[in-house]
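The values are calculated or read from the model by the stated rules, or taken from the named source; none is laboratory data. Just so we're clear, the structure is a prediction, and the values are computed from it rather than from any experiment. Here the Cβ positions follow ideal geometry from the backbone for every residue, glycine too, while neighbour counts run over all protein chains shown. Surface areas here come from the heavy atoms of the whole protein model, side chains and all, with no ligands, DNA or RNA. Shrake-Rupley method; radii C 1.70, N 1.55, O 1.52, S 1.80 Å.
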Amino acid sequence: MKDEKRKLSPEQGEEILRILKVRFEKNMNRHKGIEWSEVQRKLEINREKLLCLNEMERTGGEPDIIAYDKNTGEYIFYDCSEESPKGRRSICYDGEALESRKNHKPENTAIDMAADMGIELLTEEQYRELQKLGAFDMKTSSWVKTPDNIRKLGGALFCDLRYDKVFVYHNGAESYYSSRGFRGLLRV
């Protein structure tokens with residue numbers, strides 16, 4: 001994250017915790033068997049992760065817990081906004097794609113924004129898991145982590161939900177659209 005965004009005030013920390021708790025309680029189907037008090041305790045001792053979640057929220061991602069990894073002891077947050085996060089749209093896939101554009105360059109890239117926020121892009125498999133929890137990206141689409149062999153050929157993958165089915169598509173990595181952003185995940 002940029003230096004000016006590296007710290008949350010105590011008030012900002014309390015506010016993001018409040019937002020996350022309300023969302024957690026409203027969407028219990030996403031995280032059965034997980035207790036908010038344990039999540040909150042972990043977030044309070046991992047302020048840098050709370051900062052990442054605040055960035056996810058600030059850019060429209062509406063992060064929520066979707067799983068607990070018993071092997072690592074980590075809670076997994078995904079962007080759960082109904083559509084691709086508004087603050088992360090109109091971006092191409094990565095820096096190489098951005099540099100290849102001669103005209104009308106977007107302001108940023110999915111890979112760079114995710115790194116700056118301290119999160120990871122969802123993979124195709126993770127995107128499909130998210131869709132089991134609700135209906136997301138019915139009007140928008142989201143870049144997903146693209147396998148190296150596809151990226152080396154100039155392409156990148158994105159997904160959406162249409163006709164009750166998840167579709168995976170390809171585009172030149174340098175393309176960008178006002179309705180395409182990216183979804184991320186954070187492990188806490």
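Which of the residues spanning the stretch 138-179 are in contact with a Gly (Cβ under 9 Å, 6 or more places away or on another chain) and open to solvent by less than 20 Å² (accessible area, probe 1.4 Å)?
Thr140, Ser141, Ser142, Trp143, Thr146, Gly155, Ala156, Ala173
What's the number of the condition Leu130 fails, among (1) more than 23 Å from Glu96 (Cβ to Cβ); (2) in contact (Cβ under 8 Å) with a residue 24 or more places away in the chain; (3) open to solvent by 80 Å² or more (accessible area, probe 1.4 Å)?
It fails just one condition, (3).
Those residues that are charged (D, E, K, R), surrounded by fewer than 17 Cβ atoms within 10 Å (Cβ to Cβ) and in contact (Cβ under 8 Å) with a residue 60 or more places away in the chain, I need them from the stretch 93-119; list them, please.
Glu96, Arg101, Asp116
Of all residues being at pLDDT below 95 and of a type in the set (Lys, Arg) in the stretch 2-22, which is most open to solvent (accessible area, probe 1.4 Å)? Just the residue, please.
Lys7
Condition (residue is within 25 Å of Lys7 (Cβ to Cβ), open to solvent by less than 80 Å² (accessible area, probe 1.4 Å) and in contact (Cβ under 8 Å) with a residue 24 or more places away in the chain) applied to the stretch 64-71: is it met by at least one residue?
Within the stretch 64-71, one or more residues are within 25 Å of Lys7 (Cβ to Cβ), open to solvent by less than 80 Å² (accessible area, probe 1.4 Å) and in contact (Cβ under 8 Å) with a residue 24 or more places away in the chain.
Just to check your reading of the model, which residue among Gly95, Gly172, Gly155 is over 29 Å from Glu25 (Cβ atoms), touching a His at 6+ places or on another chain (Cβ under 6 Å) and of a type outside the set (Ser, Thr, Tyr)?
Answer to the check: Gly155.
Inside the stretch 67-86, can you point out the residues that are of a type outside the set (D, E, K, R) and closer than 24 Å to Ser179 by Cα?
If the condition is that a residue be of a type outside the set (D, E, K, R) and closer than 24 Å to Ser179 by Cα, then Phe77, Tyr78, Cys80, Ser81, Ser84, Pro85 are the ones that fit.
Has the stretch 131-151 got any residue that is at pLDDT 95 or above, β-branched (Val, Ile, Thr) and part of a helix (DSSP H, G or I)?
Yes, the stretch 131-151 has at least one match.
Which members of the stretch 112-137 meet the condition of being in contact with a Gly (Cβ under 9 Å, 6 or more places away or on another chain) and hydrophobic (A, V, I, L, M, F, W, C)?
Met113, Ala114, Met117, Ile119, Leu121, Leu122
Quick one: how many residues across the stretch 23-37 are assigned to a helix (DSSP H, G or I), open to solvent by 80 Å² or more (accessible area, probe 1.4 Å) and without any contact (Cβ under 8 Å) to a residue 24 or more places away in the chain?
Total satisfying the criteria: 3.
Select from the stretch 158-176 the residues that are of a type in the set (Ser, Thr, Tyr) and under 16 Å from Thr146 (Cβ atoms) and list them in ascending order.
Hits for the stretch 158-176 are Tyr169, Ser175, Tyr176.
Enumerate the pairs (first residue in the stretch 160-188 and free of Cβ contacts under 8 Å to residues at least 60 places away in the same chain; second residue anywhere and basic (Lys, Arg)) with beta-carbon separation below 6 Å, excluding pairs fewer than 6 apart on the same chain, so at least 6 apart or on different chains.
Val166/Arg128
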